[in-house]
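A quick write-up on the structure given underneath.
The values are calculated or read from the model by the stated rules, or taken from the named source; none is laboratory data. Not measured: the values here are computed from a predicted model. Positions of Cβ are generated from backbone atoms using ideal geometry, with glycine treated the same way; all protein chains shown enter the neighbour counts. In case anyone asks, the SASA skips ligands and DNA or RNA and just uses the protein heavy atoms, side chains included. Shrake-Rupley method; radii C 1.70, N 1.55, O 1.52, S 1.80 Å.
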Amino acid sequence: MDSLFEELYEKYHHDVFSFLFYMVKNRELAEDLVQEVYIRVLKSYDRFEGKSSEKTWLFSIARHVAIDSFRKQKGWKQRILETFDWSRQEVKDYAPLPEEVALQNEQVQTMYACLDRCTTDQRMVLILRYIQSLSIAETAQALGWTESKVKTTQHRGLKILKTYMEESGVKEGVNDEKIRVE
C-alpha cells in the first residue's frame with residue numbers, strides 16, 4: 001500500500017493541489033485540503049473499484065473535500081462579517097493569485113477574477129476541463145455527473161465567463177479554443 005500511495009501522490013499531487021488552489025484561492029488552505037484528500041485516499045483505497053481512472057477518482061475526492069471546506073467556512077465567514085468594523089478597518093487580501101502567473105498577464109488575471117464570479121459548478125468544470133485538461137468523460141466521472149451535465153455546465157460557464165470578461169474590457173480571446181491556460 002505504501003508504494004501505491006507514494007505513486008499516486010507523486011503522479012497527481014500537483015494536479016490535486018492546483019485544482020484545490022483554484023477552488024479555494026488560498027495556498028495554505030489548499031495545502032491542508034490536499035492532505036485531507038490523501039488521508040481519505042488512504043482510508044478508502046481498498047474500496048477503489050477501478051471503474052474510473054485513479055486521477056478522476058482523486059479529483060472526485062478533492063471535489064468533496066473542497067465542498068466540505070466551503071460548508072465549514074460559511075459559518076466562519078459570516079461570524080467575521082458580523083463582527084468586522086467596516087468604518088475603522090481596511091480589507092486587504094494577501095492571498096496569491098492562481099499559480100501566481102497571472103501577475104504577468106493582465107488578460108489571464110482578468111479571466112481568473114471573472115472565473116471567481118462563475119458558480120461553483122461552472123468553476124469546477126472550467127478548471128477541470130481547461131486548466132487540468134480532463135476530457136468531458138473524465139470530468140463527468142470526477143464530479144459524479146453525466147457527460148450531458150458537464151457539457152451544459154461548460155457551455156453556460158464559458159458563456160458567462162465571456163460576458164464577465166467583456167464587461168471587464170477584454171474583447172477578444174475568450175472562446176472554447178483560447179481559454180486554455182498553461
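Computed quantities for the displayed model
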{"quantity": "Nearest-10 value in Å² for the accessible area of residue 6, using the 1.4 Å probe", "calculated": "110 Å²"}
{"quantity": "Restraint check, 51/72; 51/162; 25/159, Cα-Cα greater than 27 Å", "calculated": "51/72; 51/162"}
{"quantity": "Spin-label proximity, residue 53 to region 135-154 - amide N less than 14 Å from point 7 Å beyond Cα toward beta carbon", "calculated": "135-143"}
{"quantity": "Protein-only accessible surface order, largest first, of 22, 9 at 1.4 Å", "calculated": "9, 22"}
{"quantity": "In Å², nearest 10: area of residue 54 left accessible to a 1.4 Å probe", "calculated": "50 Å²"}
{"quantity": "Contour excess over end-to-end distance, with Cα ends at residue 119 and residue 146 and 0.36 nm allotted per residue", "calculated": "7.9 nm"}
